[in-house]
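Enquirer: Once you've had a glance at the structure underneath, I'll fire off some questions.
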Amino acid sequence: VQVVESGGGLVQPGGSLRLSCTTYEIIMPMYDMTWYRQAPGKPRELVASISPGGKTKYSDSVKGRFTISRDNDKNTANLQMNSLSPEDTAVYYCNAKWVNDHWGQGIQVTVSA
């Protein structure tokens, strides 16, 4: 089983990034897909999640700026991030959860001028 994040990088404050999470060897429609992030010196926190049926949940810090979506045919879950600020700088992790948890390696997002 593999969970692979892509799309991270450096962006200026106010900019946008789109993260993608591609899963391999799982029946993705059965899984809750969640994005977490961890900033230096801080605990890992939930950013956004989407259920198999498409129900979404967001942390208060990203609500209205980030949008999570999923494409079960492509085995991907995406996180559209708009109006980014330096406080969004972190390593972002994708998690696929059903009976078991599967984590990606994480991808760096840096918001800086």
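The values are calculated or read from the model by the stated rules, or taken from the named source; none is laboratory data. Predicted, not measured: the structure shown is a model, and the values here were computed from it. Glycine also receives a Cβ, built like all others from the backbone with ideal geometry; neighbour counts cover every protein chain displayed. These accessible areas exclude ligands, DNA and RNA; they are computed on the full protein's heavy atoms, side chains included. Shrake-Rupley method; radii C 1.70, N 1.55, O 1.52, S 1.80 Å.
Enquirer: With a sphere of radius 14 Å drawn around the Cβ of E45, what net charge do the other residues whose Cβ falls strictly inside it have (Lys, Arg +1; Asp, Glu -1)? Please report the intermediate quantities before stating the final value.
Expert: Details: positive: R37, K42, R44, K57, K63; negative: D60, E87, D88.
The answer is +2.
Enquirer: On to the next question. Between segment 75-100 and segment 26-41, what is the C-alpha centre distance in whole Å?
Expert: Their Cα centres are 7 Å away from one another.
Enquirer: State the extension gain, in nm to one decimal, for the chain segment bounded by K55 and Q2, taking 0.36 nm per residue of separation less the distance between their alpha-carbons.
Expert: On the way: separation 53, 0.36 × 53 = 19.08 nm, distance 2.35 nm.
Full-extension gain reported as 16.7 nm.
Enquirer: OK, next. Only sites in a loop by DSSP and with at most 14 other Cβ atoms within 10 Å count here; which trypsin sites (Lys or Arg not before Pro) in segment 61-113 make the cut? Could you put the intermediate results ahead of the total?
Expert: Numbers: sites: K63, R65, R70, K74, K97; in loops: K63, R65, K74.
When the trypsin sites (Lys or Arg not before Pro) of segment 61-113 are filtered for loop state and at most 14 Cβ neighbours within 10 Å, K63, K74 remain.
Enquirer: With equal scatterers on the alpha carbons only and no solvent term, can you work out the Debye log10 of I(q)/I(0) for the chain at 0.14 1/Å?
Expert: So the normalised log intensities are -0.50.
Enquirer: Can you work out the accessible area per residue across segment 1-100, with the rest of the protein chains kept in place, probe 1.4 Å, in square angstrom?
Expert: Values: 5300 Å² over 100 residues.
Result: 53 Å² of accessible area for each residue.
Enquirer: List the GluC sites (Glu not before Pro) within segment 1-61 that DSSP assigns to loop and that have no more than 16 neighbouring Cβ atoms inside 10 Å. List each step's numbers first, then the result.
Expert: Values: sites: E5, E25, E45; in loops: E25.
Passing sites in segment 1-61 are E25.
Enquirer: Kirkwood hydrodynamic radius, segment 3-61, all distinct C-alpha pairs: what's the number in Å?
Expert: It is 13.4 Å.
Enquirer: Further, regarding this structure: Leaving out ligands, DNA and RNA, and with a 1.4 Å probe, what % of the accessible surface on the chain is carbon or sulfur? Present the calculation step by step, with values, prior to reporting the outcome.
Expert: Numbers: 2940 of 6060 Å².
Carbon plus sulfur share of accessible area: 49 percent.
Enquirer: Which FRET efficiency, nearest 0.05, do R44 and S16 yield, Cβ-Cβ r, R0 35 Å? Show your work: numbers first, answer last.
Expert: Numbers: r = 23 Å, r/R0 = 0.66.
E(calc), rounded to 0.05, equals 0.90.
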